[in-house]
Every structure is written in structure tokens, then in C-alpha cells.
Amino acid sequence: MSSPLRIAVADDEPELRRYFTIVLPRLGYEVVAVAENGLELIEQCLAVRPDLIISDYNMPELDGLEATREIARTYAVAVMLVTGFDDRLSPSAGDASHVHAHVSKPFKMAQLAAGITLAMQRFADRQAGLPSSAQLAAFRGECLPREPRISLMNKDQVNRT
């Protein structure tokens, strides 16, 4: 029997921190750290080294994106951000390559579970050196031969481009 996934959570809203501590164990996970800001998250994660970090994007002291980036520089860890903003991270947010999934608030338990599964799969793929979906899309676009286009020039000629 394998040990449960060890998760650190961070959110400046006490209700959401409590939600995580109740729901994540019901989903079969172990909550090993609970933080209310980015600085606490860094301190706790460096002490307990969770398998996954679930962090709010917008928090006092240090936002979740910057805090998780700092942690990811120290050791390889899966990261999922939750946000009350748009369903995508802002382009002005800077480098978010260390983030494996995100979930928009408000979310349901099924969305949380799906986000965790996605984050862990993307993290495992990255650790195994597999290309990301963006890299695969670029690969498909640049490396595969183009389909020949056929246009009729006149009755007797066919032009292949």
C-alpha cells in the first residue's frame, strides 16, 4: 500500500484553509502544511517537503506564484494554483513554468480532485523529460510534413504545392 500524497496548502482566507483540511483527507490525501501567506508557505514547505503545493495566487506578504517559484527552485515539487481571477494566469504574472495546474474559485470538490490529478500527471511527465502539450503542439506544427495541396491549373495540369 502506498502512502497518501502529501499536500501543503496556502490561502489567506481562513474558510478555504479549513475547507482544504477537511476535503483533502476525504479524497485520500494528507495535509502536511497549512499557510496563510507566501512567506509561511515557503518556510513550511522547506521543512516538510510536500509532494504537491496548492496555493492561492493572490496572498499577502508574498503571492502564491512567487512563493511556489521560490520553493520549486529548491526542490522539484508539483504546484497547483487556485485563483479568484480569470481561469488563466495573467500574462503579466511572469514565469509560471513551475505551475502544473490551476483551478478557478469557486470550485467544487470534483474540480479540486481533477486539478490535483492533472498537476501530478504534468509533474510526473516533466520529471520523466516528456514534452509538454505546448511543446508537442509546436513539434506538430514545425516538424510534420505539410499535406500537399492540389490545385487545377487547367484541364491537363495539376500543380502540387
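Just so it is clear, none of the values below were taken in a lab; they were calculated from the coordinates. Computed from a predicted model, the values in this text were never measured in an experiment. Cβ: placed from backbone, ideal geometry, glycine included. Neighbour counts: every protein chain shown.
Brief remarks on what is shown
- Straightening the chain between Glu30 and Ser3 buys 8.8 nm, computed as 0.36 nm per residue apart minus the Cα-Cα spacing.
- Here the 3J(HN,Hα) profile of the range 65-71, calculated from phi with Karplus coefficients 6.51, -1.76 and 1.60 at θ = phi - 60°, is 4, 5, 5, 5, 4, 5, 5 Hz, Gly and Pro shown as x.
- Working note: Cα gyration tensor of the range 14-74, eigenvalues times five, square-rooted, sorted largest first, giving semi-axes of 19, 14, 9 Å.
- Amide N of the range 99-122 lying under 14 Å from the label point, which is placed 7 angstrom from the Cα of Val23 along Cα→Cβ: 102-117
- Taking every C-alpha pair closer than 8 Å and separated by at least 6 residues, the mean separation divided by the residue count of the range 1-83 gives a relative contact order of 31 percent.
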